[in-house]
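Values quoted throughout were computed directly from the atomic coordinates according to the rules given, and no laboratory measurement underlies them. Keep in mind that what you see is a predicted model, and the values were worked out from it rather than measured. Ideal geometry is used to build each Cβ from the backbone, glycine not excepted, and the neighbour counts take in all protein chains shown.
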Amino acid sequence: MALVDLVEIQDYLHEGRRDYISDVRIRPSDETILIYVPREKIAPRVRSGFTSLRQLENLRKNLGQKYSVNIEIIQTASTSHQELESGVYQLLNRRFKDKIVSFFISFREESLLDSWIEVSDLDESLRREIEGYLRNLYDESSLSGGYFTWLSSSGELPTIPALLRLIKVNQPVHIASLLTLVRDDYPTVSKRWLSRKLDLLRRKNLLVWQKLDSYALTSAGIAVVPTGKSRSSSDVYRALALGRRKC
Amino acid sequence: MKVVGDQLSTWAIAQKDKQKQDVFGRSAFNRYYYSAFLITRQMLGEFEDRWKSTAHREIPNLLRASVKRKVESRLKINVRTRIMTESEKSRFLMELKTSLNELAALLSEAYDVRIIADYEPEMLVTFEKKIISLRNYKLTSANNWPGRARAYCKTIRRVWKGCGLG
């Protein structure tokens, strides 16, 4: 293979006026054709000079079939992205006294960015303060702040699907034991919050309250919890939990 | 694994001998890649046993296709069975897509340079303004691959759990 294909593919790409592609090369070790696309050329929708993730995926598949070669698309991070990221990280640490452990950004659109933030000793008020500071900083730089993901978030609450799964694995389960189990993953859950949720699920007919103050899923409840053959299946977890209970 | 990368990269920067600088520098890239790879593989194994043995270069595709599909279909079921609202679903989906793509993009870049580091010795590392680079990749950005991978995995795990899958 190889060099011939590479030239052909380069011509093909060139004819298609795909000027969002910055480089094409062949990786000798596994004869894969690598197409490099700068991250800032990827937009939610295709427009002149820009491509989209969907278009890139189609390009990868089509070229792979057409030339029977492995194609890989590499989205390259730009220097300006890295500089912005490390600049904001430093500003944050100046302002919040070195409490920021890590900080990453991702451009969802040209000026819309999502942020991942890890903070030591994060609480609700600090979280709000940091988010306010960042949104302001973004606004003033003609950027807009999208989603904020708090990597050290402690205030997170379980969703209903997560709660139902936990009950299925451990049922019949007393509210006190359920609270302990829930708190393994969601430390801030209160007993009051949990009983309100359980009550809601009972009214939705997904859960029954049994004697001795314990809860179990109804057949409707069981039906909405995913199962599977994998080791991570809720059925396998339930069997393991039952085994532990007998010990 | 990251500490090994950090140590190698310190040695590489301090080296006066170009050849030694090259070997330490490229090994550092290799270690940073493996660190990010192992963090991802751990997560994939928790999700589905067979995903754990995915070939390195297939992992970005697995993330963008299979992992996404599995969560997406679960989210749909959750909305249909009314255990999740439409807005919860869209929020999860947006977070998922962004983190999966970020992680996939990171791993393909990191894998690209790791292969260069290990199998294309004719491409040498360069040293400019105290920064070691291989092709267009800087060691200063490679050193946050593990942290980045961990951050994206955390979001992906949260969505996975949130929709009842794990």
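For the reader, a short list of remarks on this structure follows.
- Under-5 Å amide H pairs with A:THR76, H placed in peptide plane, nonlocal only: A:VAL37, A:ARG39
- Rounded to the nearest 10 degrees, the angle from helix A:234-246 to the longest Cα principal axis of chain A is 40 degrees.
- Highest-MSF residue in chain A out of A:ARG39, A:ARG135, A:ARG192 [GNM, Cα springs under 10 Å]: A:ARG192
- Peptide A:42-51 has a mean shielding of 0, counted as Cβ atoms of other protein chains within 10 Å of each residue's Cβ.
- For the range B:19-166, the fraction of C-alpha pairs farther apart than 23 angstrom is 42 percent.
- Computed over chain B with a Gaussian network model linking Cα atoms closer than 10 Å, the most mobile of B:PRO121, B:PRO60, B:PRO146 is B:PRO121.
- Using just its DSSP H runs of length 4 or more, each adding -39500 (n - 2.57), the protein assembly as shown gives a mean residue ellipticity at 222 nm of -18000 deg cm²/dmol after division by all residues.
- Stokes-Einstein diffusion for the range A:79-150 at 10 °C, viscosity 1.306 mPa s, with a Kirkwood radius from C-alpha pairs, works out to 130 µm²/s.
- Among the residues of B:81-87, the average count of other protein chain beta-carbon atoms within 10 Å of the residue beta-carbon is 4.
- Across all C-alpha atoms in the range A:3-76, the radius of gyration and Dmax reach 11.7, 35 Å.
- Volume per residue of the C-alpha convex hull in the range A:135-247, rounded to whole Å³: 160
- For A:THR149, the residues 5 or more places off, or on other chains, whose built amide H falls under 5 Å of its own are A:SER115, A:TRP116, A:ILE117.
- Selected from A:TRP116, A:TRP150, A:TRP209 as most flexible by GNM, with chain A as the system and alpha-carbon contacts under 10 Å: A:TRP209
- Exposed-loop-free span, longest in chain B, where trypsin sites (Lys or Arg not before Pro) count as exposed if DSSP calls them loop and at most 14 other C-beta atoms lie within 10 Å: B:17-81
- Dipole-positive endmost among A:TYR12, B:SER35, B:ALA12 within the protein assembly as shown (Cβ charges, Cα centre): B:SER35
- Calculated from backbone phi, Karplus (6.51, -1.76, 1.60) coupling profile of the range A:192-208 in Hz, x at Gly/Pro: 5, 4, 5, 5, 5, 5, 4, 5, 4, 5, 5, 5, 7, 6, 9, 9, 10
- Over the range B:57-163, relative contact order from alpha-carbon pairs under 8 Å, at least 6 apart, %: 33
- Reference-scaled alpha-carbon Rg (2.2 N^0.38 Å with N residues) for the protein assembly as shown: 1.10
- Percent antiparallel among DSSP beta bridges (both partners in chain A, rounded to 5): 60
- Alpha carbon centroid spacing (whole Å) that separates the range B:95-109 from the range A:179-241: 32
- The range A:1-77-the range A:88-114 distance, computed between alpha-carbon centres (Å): 31
- The Rg/Rh ratio of chain A, with Rg taken over Cα atoms and Rh as the Kirkwood radius over Cα pairs, comes to 1.12.
- Part-to-part distance (alpha-carbon centres) for the range B:19-57 and the range B:127-150, which is given in Å: 15
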